[in-house]
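Bear in mind these aren't lab numbers, they're just calculated from the coordinates by the rules spelled out. The structure presented is a predicted model; accordingly, all values stated were derived computationally and were not measured. Cβ atoms come from the backbone with ideal geometry, glycine included; neighbour counts cover every protein chain shown.
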Amino acid sequence: MNLTVWEIKAKSILSKTGLPDCDFVVNPYIGCRFGCKYCYAAFVGRFTHPNEEWGSYVDVKINAPELLKKELFNKLKGKKKAVIGKLFFSSVTDPYQGLEAKYQLTRKCLQVLVDVDYQGKVGILTKSSLVTRDIDLFQKLKNAEVGLTVTSTGDPISKYLETYATPHEERIKTLKQLHEAGIKTYAFVGPLLPHFVWMEKEMEELLRQLKAAGVGYIYLEHINLSKYIRDRLFDYLKMDYPGELARFKEAQSGEYRKMLDRLLKKLVDKVDLRVAYSQPIYHKDKESWKSLGRRVVGVS
């Protein structure tokens, strides 16, 4: 798949969010080269890139660091310390996709936070080993936390679904490297892919690898099969893995999720891993976030 890159100037960079565990999101890019076939963020280009496939375009917000500096300055006026809440990189793009090596927008934005001595939590979530480039900045931030999305141990279907992302084994090595550098880490095991999660031995092995990499805890997330996600994902599966369609369709049911919850509870207890909210998240039910309680007991 060819990639079209556009350099644009954004009007703002700090966005208030209703996502759990963060107050503002920073998205230095629109679109994502990784082009994962289950990605919920594929909707972001429906107006600006209506006829382009997710993963085939990226808009680069070349003024992101300058905007962040300006918007932070305005929000910090009158405050005794530099904090406006938890900032998250990123919600609808991967902040360390390949173009970040060239444009360094995520790094420059992190440098802005270092320069103002930002005191709040700063969260990162990526599928890229490029994140280790910025260990020096994470170490300078008061409360930085870096997560890697790891959905499997690297079977062919998972690699197909996460088209251009860093291989799974490299992500786990990245988590270990971050941990050894003194950075707080977590893993995002989501979406829970129906072809993989019922393979009990393989799922247990993934959890053991994450624990060995030193993560403080993990998120578990049920696959979101809202119509716009489902239609795109199922079209790909029909073309290349038609035998998996039935299993993915089954994942839409509440009974499926309850059964999977029981399996995952058994495995995380066996491996002794802490799970955010002590249960898998189901993002289609946003109201449920409010009743989940504390994110991770014993982790600030």
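General observations
- 222 nm mean residue ellipticity, helices alone, for the chain (DSSP H n ≥ 4; -39,500 (n - 2.57); rounded to 500): -10500 deg cm²/dmol
- With contacts taken as Cα pairs under 8 Å at a separation of at least 6 residues, the chain carries a relative contact order of 15 percent.
- Using alpha-carbon coordinates, inclination of helix 105-115 to the longest axis of the chain, degrees: 50
- For the listed residue pairs Lys77/Lys127; Lys121/Lys227; Lys37/Lys211, the alpha carbons are over 30 angstrom apart in Lys77/Lys127; Lys121/Lys227.
- Against the chain, whose longest principal axis is taken from its Cα atoms, helix 168-180 shows a tilt of about 50°.
- Mean Cβ neighbour count within 10 Å, used as a protection proxy, ranking 84-91, 28-35 highest first: 28-35, 84-91
- Taking segment 26-41 and a reference point 7 angstrom along Cα→Cβ of Asn74, the backbone N atoms nearer than 20 Å belong to 26-29.
- With 0.36 nm allotted per residue and the present C-alpha distance subtracted, the Asp115-Glu255 stretch has 45.4 nm of extension available.
- For segment 14-71: relative contact order, % (alpha-carbon pairs under 8 angstrom, 6 or more apart): 37
- Against the rule of thumb 2.2 N^0.38 Å, how large the Cα Rg of segment 143-238 comes out: 1.13
- Within a Gaussian network of the chain (alpha carbon springs, distance under 10 Å), most fluctuating of Lys176, Lys11, Lys70: Lys11
- Distance (nanometres) between label positions extended 7 Å along Cα→Cβ at Thr163 and Tyr228: 1.8
- Along segment 126-141 the Karplus relation, 6.51 cos²θ - 1.76 cosθ + 1.60 evaluated at θ = phi - 60°, assigns HN-Hα couplings of 8, 10, 10, 6, 4, 4, 5, 4, 9, 4, 4, 6, 4, 5, 8, 7 Hz to successive residues, with x for each Gly and Pro.
- FRET efficiency, Lys265 to Ile62 (Cβ-Cβ, R0 41 Å, nearest 0.05): 0.35
- Isolated cysteines of the chain, defined as having no other cysteine beta carbon under 4.7 Å away, are Cys22, Cys32, Cys109.
- Using a simple spin-label model with pseudo-atoms 7 Å out from Cα toward Cβ, Lys142 and Ala246 lie 5.6 nm apart.
- Here is the tail figure for the chain: Cα pairs spaced more than 32 Å apart come to 24 percent of all pairs.
- Packing order of peptides 259-267, 215-223, highest average first: 215-223, 259-267 (average count of other Cβ atoms within 10 Å over each peptide's residues).
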